[in-house]
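Participant: Please read through the structure below; I'll follow up with questions.
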Amino acid sequence: MAITLDIARDNPNAHTVSAEAVLPGEDKPTLIGLSREELGEALGTIGVPQKQWRMRASQLWHWLYVRGVSDFAQMTNIAKDLRQKLDEAFTIARPEIVSEQISVDGTRKWLFRFPARGAGRPVEVETVYIPEEGRGTLCVSSQVGCTLTCTFCHTGTQKMVRNLTAEEILSQILIARDRLGDFPHADTPQGAIVPSEGRLVTNIVMMGMGEPLYNFDNVKKALLIASDGDGLSLSKRRITLSTSGVVPEIFRTGEEIGCMLAISLHAVRDELRDVLVPINKKWNIKELLDACRQYPGLSNAKRITFEYVMLKGVNDSNQDALELVRLLKGIPAKINLIPFNPWPGTDYECSDWERIEEFADIVNRAGYASPIRTPRGRDIFAACGQLKSASERMRKKDREALAAS
């Protein structure tokens, strides 16, 4: 039996701020998501001498990303008067957690609420934690809604509302670590299913709501902070960015972020992929795979993951498997076969298990690893392709009226 916790304004490990209570223009700027240089400049606005910027920024960085504090009062090696100035000028409070759902398999899904920031009303996104033996994977969102309308994906039925900021992307990681007790001196909730030793959030996948490469700058900034060795210190080999095929940004992803790459492929023929993943009409399979072959650092040790959702009678034939092998020839790759996770209103069905296994055998015999992803969190709609929030963007005239009031 799945559990839903209503924990808005009741997070024991972090301060929360209700986005509904923040009026346009009245919220304090956050220090979360700023680079060290930007932290220094922010300190300058409250009178900190420039010669101290580097040292003070390092202190803040440590408290925010190593210790995970969300209250300036906890920064005990910073003078009390400076802490007061910081508190008056800035915030490091966590966003509101609307709900936390726990699946029978230990998967956790959070619904987070963020300020409107141009949408007219507060917005919400979903983030999922998937515990496994020896690892804990956090599936992070990059946008509220999505522009891509992939027909098998529940998120694709929600219109694009807005991009998430670097702070909002990082906040998903910070809150997950709060809730799991993954910061120093924090306690893991009793009975939580987590790795038996080591860090509890070991891997980050940009596979939540939205297309990360349509929000490149904010995603880049957040992931570089997440992988910084003096902060959250997640290895770039444990950070995977999944794209539906925004070809012009793929090389930049490897060059400027340096993370692992996953491609939402799902079809081996352009006419089918045009339906399943409509961005294919802009950049077809050949253009997409050419970009993959040029991905910086690509090697057998740094393979590209190709995600392939198994849709009954649509893309799951032996011929599809053979064509998949032919298309990927020469690309160091792993093929993730994903049993389709149903959602209300979908016309698709999951391929039969025997069909998925036969498909996997063909791919395996060709020399590619093709694990079948075990569905997780289906009972709380936390599985791949099931994420969605009720957020909508207000009409322009209504946003203008609100701003003028």
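No lab work stands behind these numbers, since they all come straight from the coordinates. Bear in mind the structure is a predicted one, so any value in this text is a computation, not a measurement. A quick note on method: Cβ atoms are made from the backbone with ideal geometry, for glycine too, and the neighbour counts reach across all protein chains shown.
Participant: State, to one decimal in nm, how far the label point of His62 lies from the label point of Glu287, with both points 7 Å from Cα in the Cβ direction.
Facilitator: 4.9
Participant: In deg cm²/dmol and to the nearest 500, what is the mean residue ellipticity at 222 nm of the chain if only DSSP H runs of at least 4 residues count, each as -39500 (n - 2.57), divided by the residue total?
Facilitator: Calculated mean residue ellipticity at 222 nm is -8000 deg cm²/dmol.
Participant: Also, I was wondering about something else. Going by a ≥ b ≥ c, the root eigenvalues of the Cα gyration tensor, does the stretch 72-124 fall in the rounded group (a/c under 1.5), the prolate group (a/b larger than b/c) or the oblate group?
Facilitator: oblate
Participant: I want to check the label-to-label distance for Asp274 and Glu323. Put each point 7 Å from Cα in the C-beta direction and report it in nm to one decimal.
Facilitator: 1.3
Participant: Can I ask one more? What fraction, in whole percent, of alpha-carbon pairs in the stretch 210-289 exceed 15 Å separation?
Facilitator: So the portion of pairs separated by more than 15 Å is 57 percent.
Participant: Further, regarding this structure: Can you quote the Å³ per residue value for the convex hull of the Cα atoms in the chain, rounded to an integer?
Facilitator: Spelled out: Cα convex hull of the chain, divided by residues, is 151 Å³.
Participant: Here is a follow-up. Could you put Val201, Val128 in order, starting from the residue whose Cβ has the fewest other Cβ atoms within 10 Å?
Facilitator: If I rank by nearby Cβ atoms, fewest first, I get Val201, Val128.
Participant: Taking 7 Å along the Cα-to-C-beta vector as the label spot, tell me the Glu358-Glu132 distance in nanometres, rounded to one decimal.
Facilitator: In this crude label model, Glu358 to Glu132 measures out at 2.7 nm.
Participant: For the stretch 244-385, what is the convex hull volume of the alpha-carbon atoms per residue, in Å³?
Facilitator: Enclosed volume per residue, from the Cα hull, is 115 Å³.
Participant: Another question, if that's okay. Using only C-alpha atoms and all pairs of different ones, pull out the Kirkwood radius for the stretch 164-218 in Å with one decimal.
Facilitator: With all distinct Cα pairs of the stretch 164-218 included, I get 12.8 Å.
Participant: Which aspartates and glutamates have a Cα lying under 17 Å from the Cα of Lys281, excluding residues fewer than 8 positions away in the same chain?
Facilitator: By straight Cα distance, Lys281 reaches Glu211, Glu249, Asp270, Glu271, Asp290.
Participant: Measure up Lys80/Lys221; Lys109/Lys159; Lys236/Lys334; Lys221/Lys334; Lys220/Lys282; Lys159/Lys282 against 25 Å on the Cα-Cα distance and list the ones that go over.
Facilitator: Over 25 Å apart, Cα to Cα: Lys80/Lys221; Lys221/Lys334.
Participant: How large are Rg and Dmax for the stretch 43-108 when only the alpha carbon atoms are used, in Å?
Facilitator: Cα radius of gyration and Dmax of the stretch 43-108 are 16.1, 53 Å respectively.
Participant: Right, next: Please give the net charge around Ala262, taking every other residue with its beta carbon less than 15 angstrom from that of Ala262, where Lys and Arg add +1 and Asp and Glu add -1.
Facilitator: +4
Participant: Can you return the lysines within cross-link range of Lys85? Criterion is Cα-Cα under 22 Å, with same-chain partners fewer than 8 residues away left out.
Facilitator: Lys28, Lys51
Participant: Same structure, new question: Going toward the positive end of the dipole of the chain, with +1 on Lys and Arg Cβ and -1 on Asp and Glu Cβ, which of Thr45, Leu64, Gly118 do you reach last?
Facilitator: My answer, from the dipole projection, is Thr45.
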